[in-house]
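Peer 1: There's a structure below that I have some questions on.
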Amino acid sequence: MKILDGTWVAEALKKDIVRDVDRWSREFGRKPRMAAIVVGDDPASHSYVKSKEKDCRQVGMESILYKLSSTISQEGLIECVKSINEDAGVDGLIVQLPLPEHLNEQEVIEAIDPNKDVDGFHPINMGRMMIGLPSFVAATPAGIVDLLDYYHIPLQGKECVIIGRSNIVGKPLANLLSRKGYRGDCTVTLCHSRTVDLPEVTRRADILIAAIGQPLLIKADWVKEGAVVVDVGINRVEDNRTKTGYKLVGDVDFDEVAPRCSYITPVPGGVGPMTRVSLLKNTMQAAKLRDMPLF
Ligand code: NAD
């Protein structure tokens, strides 16, 4: 069994981004810049945005943070998005989700200029990705495909089972892996909470990807001998041996499942760092597209 080491691969990919950022900055006389909007005081959202800003600094990009009050109106938030759309000094824009309940997330996503939509959540980017046109691809699915590619995991004709049908992971990933050609060509089954006899389906998988949000759900007897297992899940579980009183685990019971696999991602250190580096790649792509927008 080999570990798919997302931390290591992400660091390797960052070296290419640093070179790109440097070249682009010399040509355009400024650094690529990502804007992030965070609404309210949710500590998890602030911590995610802080990591994204740190990642930008690490590769030589700039970031600009818009901290908005949890009581902001839908109109106020859309106004902020539109003003960033118009700002020629910003290349990529993300709105940290989830938003407070009174705000309509979909409407906010659709207000983002698709040329700056480095999260790849805008329906134009989702749709173009689905039919194989140039687009921004959501960071987690893009990072997973990069990780499999980095380890030269064969995809063509493989049975790939994805569990979880969210718009940010499962659905776009199913589309990417079933696309025709290089980094695609899998036979994909997309499972969800209404799938009947999940273990029976997952046992068919050459490549099993879990994006569920249920700690340690996937057990050894759900996995075919020699399968590649990618664990997207990030779950906090109580652990009184740690300082914080909790630890992070995936959707896969790593200790049980790992011995059966050819490759497996750890949690943390697997998909998470790949997601973060994909956002940087998308921001670099957005900067490069300034003079020839996709849309
Ligand atoms: P979500 O929470 O929006 O949806 C969960 C999906 O799992 C749904 O489609 C649901 O049908 C399915 N599901 C739930 N219980 C199930 C069950 N018992 N059997 C089969 N299917 C079941 O999903 P999400 O936003 O894609 O997040 C999934 C997990 O991935 C979470 O733990 C999240 O924190 C994590 N995540 C990690 C990263 C990363 O970078 N590592 C990125 C995004 C999400």
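The values are calculated or read from the model by the stated rules, or taken from the named source; none is laboratory data. Here the structure is a predicted model, which is why all the values come from computation and not from measurement. Quick reminder, even Gly has a Cβ in these numbers, built from the backbone with ideal geometry, and neighbours come from all protein chains shown.
Peer 1: Of the residues in the range 88-134, how many are under 30 Å from Val188 (Cα atoms) and of a type in the set (Gly, Ala, Ser)?
Peer 2: Final tally of qualifying residues: 3.
Peer 1: Okay, next question. Could you say which residue among Ser63, Ser70, Ser25, Ser47 is of a type outside the set (Asp, Glu), exposed (fewer than 14 other Cβ atoms within 10 Å of the Cβ) and farther than 27 Å from Val230 by Cβ? Don't jump to the end; show me each part of the working.
Peer 2: Values: Ser63 fails: exposed (fewer than 14 other Cβ atoms within 10 Å of the Cβ); Ser25 fails: exposed (fewer than 14 other Cβ atoms within 10 Å of the Cβ); Ser47 fails: farther than 27 Å from Val230 by Cβ.
So the residue among Ser63, Ser70, Ser25, Ser47 that is of a type outside the set (Asp, Glu), exposed (fewer than 14 other Cβ atoms within 10 Å of the Cβ) and farther than 27 Å from Val230 by Cβ is Ser70.
Peer 1: If you take the residues in the range 235-254 that are of a type in the set (A, V, I, L, M, F, W, C) and surrounded by fewer than 18 Cβ atoms within 10 Å (Cβ to Cβ), which one is farthest from Leu173 (Cα to Cα)?
Peer 2: The residue in question is Val237.
Peer 1: Still on this structure: Collect the residues in the range 90-116 that are in contact (Cβ under 8 Å) with a residue 40 or more places away in the chain and of a type in the set (Asp, Glu), keeping them in residue-number order.
Peer 2: The one that is in contact (Cβ under 8 Å) with a residue 40 or more places away in the chain and of a type in the set (Asp, Glu): Asp91.
Peer 1: Hey, another quick one. So Gly213 ticks every box in (1) modelled with pLDDT of 95 or more; (2) more than 9 Å from the ligand (Cβ to nearest atom); (3) out of contact with any helix residue (DSSP H, G or I) (no Cβ under 9 Å at 6 or more places or on another chain); (4) among the small types (Gly, Ala, Ser) but one. Which box is left unticked?
Peer 2: (2)
Peer 1: Would you check if Pro259 is in contact (Cβ under 8 Å) with a residue 24 or more places away in the chain, more than 29 Å from Glu159 (Cβ to Cβ) and either surrounded by fewer than 17 Cβ atoms within 10 Å (Cβ to Cβ) or in contact with a helix residue (DSSP H, G or I) (Cβ under 8 Å, 6 or more places away or on another chain) (or both)?
Peer 2: no
Peer 1: Return the residue satisfying two criteria in turn: it lies in the range 224-250 and is more than 18 Å from Leu155 (Cβ to Cβ) and β-branched (Val, Ile, Thr), and of such residues it is nearest to the ligand (Cβ to nearest atom).
Peer 2: Among those residues, the one meeting the criterion is Ile234.
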